[in-house]
Structures are given as C-alpha cells and as structure tokens.
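Since the structure comes first, as structure tokens, the remarks are kept for the end.
The values are calculated or read from the model by the stated rules, or taken from the named source; none is laboratory data. All figures in this text were calculated on a predicted structure; none of them were measured in a lab. Heads up, the Cβs are rebuilt from the backbone with ideal geometry, glycines too, and the neighbour counts pull from every protein chain shown.
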Amino acid sequence: MLRKLFVKIFLFSMVLALIPVGIISWTSIDRFSDTLNKAEVDTMSSLSAQKVTILTEKIDGLKMGVELLAQNPNIIGAFTEEGLNDSVALNDVFKIGAGASGVILDYVLVSNDGKALYSINNTLKSANFANDYYFQEALQKNKQVISTVFSVDKTEEMEIALTVFSTPVRDSQGRNLGALLAVVDYEALTATTIELDPLHPELIFGIISNDGLVISHGRKDYILTYDYKVQTNGLEKIFEQMQQNRPDYAFYTLDGEGKLMAFHPYNFNADLNHNWYIWSATTVDLYMAPIKTTSKGIYIIIILTILVVAVAALLFGRKISNPITELSHVTQEIAQGNLDLQMNINGQSEEIDQLAQNSAEMLTSLQNIVRGVLNEGVHFKDTVNQSHQSFEGLQESVQEISVRIEQISAGMQESAASTEEVNASSHEISGLAERNTELAEDGAGHADAMLTRAGELKKTSVESQANTGKVLENTRESLEKAVEEAQVVNEINKLTDEILAIASQTNLLALNAAIEAARAGDAGHGFAVVAEEVRKLAEESSGTAGNIQMITGKVYDAVQFLVDSANQLVAFIDENVSQDYALLIETGEQYYNDAEDIAKLMNNFNDNSQKLAEIISQVVQSVDEISLAISNSASEAGVVSEHITRIVEQADNVALLIDENAQSADNLMETVNHFKL
C-alpha cells in the first residue's frame with residue numbers, strides 16, 4: 001500500500017510537469033511549421049513574380065527588335081520583285097537581327113495572301129501561312145502577335161519548342177505588304193527563366209501553356225508531352241486553379257512525396273486571352289528540414305525534463321511518504337485492538353504535523369468510545385432479556401386470533417366462488433342474446449340491401465332494353481346509309497370505262513399520226529416521236545384504268561360482305577337480345593318481391609331479439625350486484641386475515657430481532673473486550 005502511495009505521488013508529479021512541456025512543445029512545432037510554410041510560399045511567389053518580370057523584359061526586347069527590323073527599308077523592299085532578288089542584303093539584315101537576340105532561329109517574309117517569300121533557314125516548312133491565326137491577327141489588327149508554343153522537327157530524332165513573333169510590314173503610305181515572322185527558340189528564350197536560383201537550390205521552375213502542356217522545363221522529355229489537364233495525381237486541379245489567372249499556390253503529392261507549387265500568369269496576347277503560367281515547385285521535406293532538426297532538439301529537452309522531474313518527484317515522494325509510513329504503523333496497531341499507544345511523529349511540513357496531531361486526538365476519542373460501549377453493552381443485554389420474556393405471551397394470543405379469522409375467510413371464499421359461477425353463466429347468456437340481436441340487425445340490413453339491389457336491377461334492365469332498341473335503330477339507319485354510299489363504286493366503274501374508251505381512241509390517233517409522220521419522211525420525224533409517246537401514254541392509261549376496275553371490284557365485294565354481316569348482327573339483336581332483356585325484367589320483379597318479404601321477416605325477428613336482450617340484461621345486473629356483495633365480504637375477511645397474518649409475521653420478526661439484539665450485545669461485548677485500555 002505504501003509503495004502504491006509513493007508510486008502515485010511519483011507519477012502525479014511526472015504528469016503535472018510533463019503536460020505543460022508537451023503542450024508548449026507541440027504548439028511551438030505547429031507554429032514553426034506554419035511560419036515555414038508561409039515563408040516558403042512567400043519566397044516561391046516572389047521568385048515566380050521575378051521570373052515573370054525577367055521573361056517580360058526579354059520578350060519586350062525581342063518585340064521591339066522585330067518591330068524595328070520590320071521597318072528596315074531592305075525588308076520593305078523585299079516585297080517587290082527587285083528587292084526580293086537582292087538576297088545578299090536581306091541575309092545581312094536578318095543575320096544581324098538574329099545574332100543580336102541569340103534566340104531567333106529564322107526570319108520569314110510572308111505576303112498578304114499567306115505565301116512565304118523568303119526564309120533564312122526554312123525552319124517552318126509550311127509554304128502557306130494563310131490559315132495560321134497569328135499571321136491573320138497581325139494583319140487584321142495591324143499589330144504584333146505572339147503565337148502559342150508548338151514544335152517542329154529539329155532533327156530526325158528530336159523536336160524543338162518554338163514560338164513566332166508575327167509583325168505586320170507596311171509601306172510608306174501605311175499599307176500592309178505582308179508580315180515578318182521571327183521564329184524563336186522557346187527553350188533558349190526561357191532558359192534564364194527556369195534556371196535554378198543560387199539562393200534557393202531546392203526550387204525548380206517551369207512554364208505551362210494555356211492548354212496545359214509543359215512548354216519549358218529542366219527535363220526536356222516533359223516539354224510538349226506532359227499535359228496537366230489529363231493528370232490524375234492532383235495536378236489537373238492545380239491547372240484549373242491556374243486558369244483563374246491570378247497568383248496563387250497549392251499543395252499536391254507526386255510519386256509519394258508532398259510538393260508545394262506557387263505560380264504566376266503571364267498574358268502574352270491580351271486580345272486572345274492567351275496565357276503562360278510560370279511556376280516554382282519544391283519538396284515539402286526539403287524546406288521542412290529545420291522543423292525536423294527543431295523537433296529533435298525539443299525531444300532532447302523533453303527527455304532531460306523527464307529526468308529532472310523524475311529525480312525531484314523521487315525526493316518529494318519520500319519526503320511525504322516517510323511520515324505517512326509511521327502513521328500507517330500506528331493505525332495498524334489500532335486495527336489489531338491495541339489502544340495503549342503513544343504517538344511521537346515529527347513531520348517535515350506543517351501538513352504532516354497537523355495530520356499527526358489529529359491522529360493522536362482520534363486515538364484518545366476512540367479510547368473513550370470503547371469504555372462507553374463496554375458500560376452500555378452490559379445494560380443493553382439486561383433490557384433485551386426482559387423484552388424477550390414479555391413478547392412470548394403476545395405471540396400466543398395473536399396466533400389464536402389468526403386461526404379463527406382464517407376459518408371465517410375460507411367460508412366466505414366458498415360462497416364467493418359459487419356466486420362467481422352463477423355470474424359467469426349469466427354473462428354468457430347475455431353475450432349470446434347480444435350476439436343474436438346483432439345477427440338480427442345484420443340480417444335486416446342485408447334484407448334492405450337486397451331489396452334496394454332488386455329495385456336497381458329491375459330499373460337497369462328496363463333502361464338497358466330501351467338503350468338496346470335505340471342502338472338497333474341507329475345501326476339499321478347507318479347501315480342503309482352506308483349501302484347507299486357504297487353505290488359510288490359503280491360510278492367509278494363507269495368512269496374507268498370512259499377512260500378505257502378514250503385511251504383506245506387516243507391509241508388509234510397516235511397510230512394514224514405515226515403513219516402520216518412516216519409518209520412525211522425526215523420532216524415528220526419529230527412528229528413521229530411525239531406520236532409514239534402519245535401511244536405509250538394511251539397504253540399506260542388503259543392499263544391503269546384496268547387496275548382501277550379490278551380494285552373497285554374488290555372494294556365492292558368487301559362493302560357487300562360488310563353489309564351482309566351487319567344485317568346478321570341486327571337480326572341477332574332483334575330476335576335474341578330483346579327477348580333476353582324481357583326475361584331479365586321479369587326475373588328482377590320476382591327478385592324484388594322476395595326481397596321485400598325477407599325484409600319484413602328480419603325486421604320482426606330483430607324487434608323480438610332486442611326485447612329478449614333487455615330482459616336478460618336486467619337479470620345479469622341483479623346477479624352482478626349479489627356477486628359483488630359476496631365478493632366484498634370475502635375480500636374484507638381476507639384483508640383482516642392478511643393483517644392478522646402480517647401481525648404474526650411481524651411478531652416473529654420482532655422475536656428474531658430480539659434474539660439478534662441479544663446476540664449482537666454478546667458480540668459487541670466480545671469485540672470491545674478485544675481492545676486493550
């Protein structure tokens with residue numbers, strides 16, 4: 001037990017000291033991590049902005065150089081046949097321009113219709129630029145336009161990323177002659193933009209096009225092949241964030257490593273909403289390395305703190321536990337019954353001294369209590385003996401009363417049982433009478449419903465017979481009208497006969513015309529052709545008329561068949577259905593008369609059942625009152641018997657308690673005698 005106290009004091013001291021240290025350490029690391037994150041984001045954003053500035057300055061310089069070159073007289077003159085033939089002067093001008101920039105691979109002169117007039121290195125193999133948007137935009141808006149990044153074959157094994165500065169060329173009157181295309185090596189243009197920063201070697205840089213393609217990167221195999229839009233590792237969401245066209249940053253995971261990226265947009269064609277996105281990225285573990293170092297230092301401090309606190313807790317625990325050990329020895333002697341003790345405990349604090357003084361006072365009080373208990377125990381034992389003798393006489397009287405009451409209660413219960421049987425039989429008779437009444441009421445209701453349905457059946461039969469007569473008359477009239485209208489088919493036959501006659505006459509006329517045309521020789525050749533066509537038309541008309549007559553015959557037969565079927569249907573309804581309706585009306589009248597007789601019988605039966613139920617109900621009520629009176633008497637007798645029984649039980653319990661008190665007095669005396677005074 002004492003060791004447990006020492007361990008608890010030791011552990012409590014350790015926890016009390018280590019919780020603040022742990023909270024402070026965790027808070028410091030978390031704040032330091034947030035500070036490093038913010039500092040790294042600010043640094044990367046600042047460097048990305050600087051890269052944008054560097055690229056802007058280079059592009060602005062190139063744009064100005066190309067615009068000046070487009071105003072050179074030799075360039076303007078090259079749009080004439082004489083100037084174009086002076087290739088030496090053109091090469092000198094272009095080589096000076098290309099050498100000054102260091103990133104221009106080729107110059108191309110393009111006429112207004114998109115044809116390439118001149119090229120230094122033939123980098124762009126296209127012979128016509130009419131469909132290239134950067135060429136059209138430059139001429140239409142009369143301003144310099146930069147193309148998006150694309151690739152061409154540099155050698156047979158690799159490609160190179162290019163962009164084109166398209167600048168309109170105008171004569172002295174301001175008329176557009178064509179355009180000067182400066183073909184720029186985009187990798188060379190952005191080499192300084194993506195190169196590593198000596199102060200921040202952990203950062204890498206790159207550029208993404210408006211379409212999501214990598215157009216400048218330290219890894220050449222990424223250029224124009226790595227597409228941010230189709231990635232599934234989180235970069236596609238970063239590209240969506242880039243397209244909001246504002247500086248920002250984002251965290252992502254690539255190949256299992258946490259990454260941080262900051263980016264800035266660069267708008268190179270404001271009118272076309274074309275952007276490049278310059279970004280810087282780093283591995284989170286690189287710039288978070290100071291956090292790990294700091295964490296190690298904090299862990300070392302925590303370990304040293306644990307050691308110091310452990311030593312202090314050890315000394316503090318012993319200082320507290322030693323006096324408590326002495327107090328424990330004294331209480332152990334008291335527990336064994338030895339009250340003849342002297343307490344001389346000197347603590348090393350006011351609290352321990354106060355605890356020792358209170359323990360001494362408790363020992364004195366306990367000695368006085370034990371002496372008082374010894375004296376009272378003797379007196380209590382005498383009182384218990386006297387109570388036990390008086391209570392034995394009371395038990396005998398109560399038991400005699402209990403026997404008498406139980407006999408009375410048994411007789412009342414037998415009477416109550418007989419009355420309950422009579423009462424139950426009366427209730428069964430009452431239930432049967434009520435059920436009989438309900439059945440009579442249901443029978444009367446069904447008889448009334450039967451009477452109503454019989455009336456409705458009779459009415460419906462009469463109405464149906466009348467409706468059938470109307471339908472039969474309407475059908476007969478419609479059939480006669482249809483037969484009259486079907487006679488039109490005969491008129492069609494007459495018309496087709498006339499068409500056949502006309503076709504026959506036309507055929508004869510065409511034959512005569514052909515004979516006359518043959519007599520006329522060459523002069524009647526055209527008339528013979530017409531006559532032949534008329535003859536063919538007459539033959540086709542004759543065939544068509546024959547087909548019409550055949551179809552008309554089929555229609556006439558079908559109409560005649562329909563008329564015969566309708567006449568049979570009308571005859572069936574007139575001869576059979578009408579007689580069935582008459583029989584149905586007669587059956588409905590008989591059904592109505594029978595239902596009326598049943599309804600009268602059920603109503604009389606219902607009245608008699610209700611009177612019988614009232615008489616039985618009065619009998620049941622009288623039996624209930626008798627049964628209730630007997631039951632109440634039996635219940636009261638039972639209650640009295642129960643109370644007597646409880647008195648007997650309580651008397652037995654009191655006797656037991658007196659015996660227990662006597663035993664407790666003996667035990668108390670034995671226990672108190674255990675103490676040594």
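Could you tell me how many of the residues in region 93-109 are within 16 Å of Phe79 (Cα to Cα), at pLDDT 85 or above and out of contact with any helix residue (DSSP H, G or I) (no Cβ under 6 Å at 6 or more places or on another chain)? Don't jump to the end; show me each part of the working.
Filtering region 93-109 for residues within 16 Å of Phe79 (Cα to Cα) gives 93-94, 107-109.
Now restrict to residues that are at pLDDT 85 or above: 107-109.
Checking which are out of contact with any helix residue (DSSP H, G or I) (no Cβ under 6 Å at 6 or more places or on another chain) leaves us with 108-109.
Number satisfying all stated conditions: 2.
Return the residue satisfying two criteria in turn: it lies in region 518-529 and is surrounded by 13 or more Cβ atoms within 10 Å (Cβ to Cβ) and modelled with pLDDT under 75, and of such residues it is nearest to Glu498 (Cα to Cα).
Phe527
Looking only at region 195-235, count how many residues are of a type in the set (D, E, K, R), touching a helix residue (DSSP H, G or I) at 6+ places or on another chain (Cβ under 8 Å) and assigned to a loop (DSSP other than H, G, I, E, B).
The total comes to 2.
Does any residue of region 428-445 turn out to be within 20 Å of Asn593 (Cβ to Cβ) and either at pLDDT 70 or above or β-branched (Val, Ile, Thr) (or both)?
Residues of region 428-445 within 20 Å of Asn593 (Cβ to Cβ): 443-445.
If we keep only those that are either at pLDDT 70 or above or β-branched (Val, Ile, Thr) (or both) too, we end up with 445.
So far as region 428-445 goes, yes, one or more of its residues are within 20 Å of Asn593 (Cβ to Cβ) and either at pLDDT 70 or above or β-branched (Val, Ile, Thr) (or both).
State yes or no: is Ala39 in contact with a strand residue (DSSP E or B) (Cβ under 6 Å, 6 or more places away or on another chain) and modelled with pLDDT of 65 or more?
Criteria not met by Ala39.
Within region 251-289, which residues are over 39 Å from the mean Cα position of the chain (by Cα) and in a loop (DSSP other than H, G, I, E, B)?
Ala270, Asp271, Leu272
Among the residues of region 50-62, is there at least one that is surrounded by 16 or more Cβ atoms within 10 Å (Cβ to Cβ) and either of a type in the set (D, E, K, R) or not in a helix (DSSP H, G or I) (or both)? Spell out the reasoning first.
Restricting attention to region 50-62, the residues satisfying the condition of being surrounded by 16 or more Cβ atoms within 10 Å (Cβ to Cβ) are 51-52, 55, 58-59, 62.
Within this subset, residues satisfying the condition of being either of a type in the set (D, E, K, R) or not in a helix (DSSP H, G or I) (or both) are 51, 58.
Within region 50-62, one or more residues are surrounded by 16 or more Cβ atoms within 10 Å (Cβ to Cβ) and either of a type in the set (D, E, K, R) or not in a helix (DSSP H, G or I) (or both).
Ala116 is checked against (1) under 53 Å from the mean Cα position of the chain (by Cα); (2) without any contact (Cβ under 8 Å) to a residue 60 or more places away in the chain; (3) assigned to a strand (DSSP E or B) and fails just one. What number does that condition carry?
(1)
It is to be established whether one or more residues within region 476-487 are modelled with pLDDT of 70 or more and β-branched (Val, Ile, Thr).
No - not one qualifying residue is present in region 476-487.
Can you say whether Thr192 is out of contact with any Phe, Trp or Tyr (no Cβ under 7 Å at 6 or more places or on another chain) and either part of a helix (DSSP H, G or I) or surrounded by 17 or more Cβ atoms within 10 Å (Cβ to Cβ) (or both), as far as the supplied structure shows?
When the stated conditions are applied, Thr192 passes them.
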